[in-house]
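The values are calculated or read from the model by the stated rules, or taken from the named source; none is laboratory data. Remember, predicted model here, so these are calculated numbers, not experimental data. Reconstructed Cβ throughout: ideal geometry from the backbone, glycine too, with neighbour counts over all protein chains shown.
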Amino acid sequence: MAKTCYYEVLNVERSSTDREISKAYRKLAVKFHPDSNPGDEEASAKFKQAAEAYEVLSDSEKRARYDRHGFAGVEGGGSQFGSAEDIFAAFGEMFGGGGGGFGDIFGRSSGPRRGADIQIQMTLTLEEAASGVTKNVQFERPANCGTCDGSGSKPGTQPQGCQQCGGRGQVLQSAGILRVQTTCPVCRGAGKIIVEPCTDCRGQGQVAKEVDLEVVIPGGVDDGMQVRLSGEGEPSPGGGRPGDCFCYINVRKHKLFHREGQNLILQMPISFTQAALGAEIEVPTLEGPETIKIKRGTQSGEVFKVVGKGMPNPRGGRKGDLLIQIFIETPKKLDAEQEKLLRQLAELEKTNVMPEQKNFLQRISDYFATSETT
């Protein structure tokens, strides 16, 4: 891929002074820095492009080679930055932050990082999801080692300050007006070196501990929802606030009801005589049996609604409904009396054809009559 001219990247003239180049770069660095464009890959690419252009144009020797030979004059010399992550880490004194990093421009704290979040699973029945429930969950999470009190050092000993970073946990690399801050590779940001590790935690300062938590699940939760337990995640390694625990809900399939949003669907079989003559039938709900009236002449597939017998909204508001879908069940076996009565009905239907059947038969007759004339 063809590179863009460094002067064009910074939007400056070839005759620009060092001060003008520095000013142009500062403007682009603030605009495209990842801290102010989280997740924006295009901004990240522009930031790295601007950093590369500034690295060359801010160095008089490199700039002279670039002016004479273009990119060929400066390629292969190696970057003063350790990596792309080094460029993004911080700007330090460039913005007068005293080593506080780029985040200080936006007023963010550079204190200890937050502990990691934890994810757990909880399985509920549909009845529990509807009414809400309080359950205990057990899982393991890191906790400060009781033997060394979280220091990682054997009792009676103390960790030593890291000589590489002077105990700061960070090292700085300079590139012109930039001071890029990166994690110390020796102590890995701790600022200390464990000389005699604790035998219980092996110098980690933390051990796995089983936790028993009481979780309150609100009524109406659905499969895949999560309940957040604030502060119940892993502790911060630097003494900051702990992470959170996210409880993911799994609702078992029900033998009778199928859920769609806040509504429940029940497929209810009825007999031919109930559908033809009408009836009052008892149907199950999550709160107990209810009686509904089946109107005379009900067809298979019709839906009856029982208002307010569905699932509650976990955020409040009215409950959903129970939708009862009727299907007519044809008996597979008949006794002699039942068969006799049905045969009598069949004889009557030959002379007294049902309205829907009569209409359908007429359409068939019309179809064949039209076919014969064409």
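The figures follow:
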quantity: Residues of region 202-226 classified as touching a residue at least 24 places away in the same chain (Cβ under 8 Å) and within 22 Å of the chain's Cα centre (by Cα), total; calculated: 11
quantity: Residue match in region 58-76 (condition: closer than 30 Å to Leu286 by Cβ, among the charged types (D, E, K, R) and modelled with pLDDT of 85 or more); calculated: no
quantity: Subset of region 7-54 [among the β-branched types (Val, Ile, Thr), surrounded by 18 or more Cβ atoms within 10 Å (Cβ to Cβ) and assigned to a helix (DSSP H, G or I)]; calculated: Val9, Ile21
quantity: Test set (1) without any contact (Cβ under 8 Å) to a residue 24 or more places away in the chain; (2) in a loop (DSSP other than H, G, I, E, B); (3) surrounded by fewer than 12 Cβ atoms within 10 Å (Cβ to Cβ) - Gln344 fails condition number; calculated: (2)
quantity: Answer from Gln158, Gln80 - the residue that is part of a loop (DSSP other than H, G, I, E, B), modelled with pLDDT of 80 or more, of a type outside the set (Gly, Ala, Ser) and within 30 Å of Leu172 (Cα to Cα); calculated: Gln158
quantity: Lone qualifier among Gly233, Gly243, Gly205, Gly176 - being modelled with pLDDT under 80 and not hydrophobic (A, V, I, L, M, F, W, C); calculated: Gly176
quantity: Subset of region 1-50 [over 22 Å from Arg63 (Cα atoms) and among the acidic types (Asp, Glu)]; calculated: Asp35, Asp40, Glu41, Glu42
quantity: Residues located in region 255-296, provided they are of a type in the set (S, T, N, Q), surrounded by fewer than 16 Cβ atoms within 10 Å (Cβ to Cβ) and in contact (Cβ under 8 Å) with a residue 40 or more places away in the chain; calculated: Gln267, Ser271
quantity: Region 110-129, subset in contact with a Ser or Thr (Cβ under 7 Å, 6 or more places away or on another chain) and surrounded by fewer than 18 Cβ atoms within 10 Å (Cβ to Cβ), residue modelled with the highest pLDDT; calculated: Arg114
quantity: Looking only at region 297-331, and only at residues there that are farther than 24 Å from Val133 by Cα and of a type in the set (A, V, I, L, M, F, W, C), the one that is surrounded by the most Cβ atoms within 10 Å (Cβ to Cβ); calculated: Ile324
quantity: Identity of the residue in region 180-196, within 30 Å of Ala29 (Cα to Cα) and part of a loop (DSSP other than H, G, I, E, B), that ends up modelled with the lowest pLDDT; calculated: Arg188
quantity: Answer from Arg202, Arg228 - the residue that is part of a strand (DSSP E or B) and farther than 30 Å from Ala51 by Cβ; calculated: Arg228
quantity: Filtered residues of region 55-64 (kept if free of Cβ contacts under 8 Å to residues at least 12 places away in the same chain and surrounded by 17 or more Cβ atoms within 10 Å (Cβ to Cβ)); calculated: Arg63
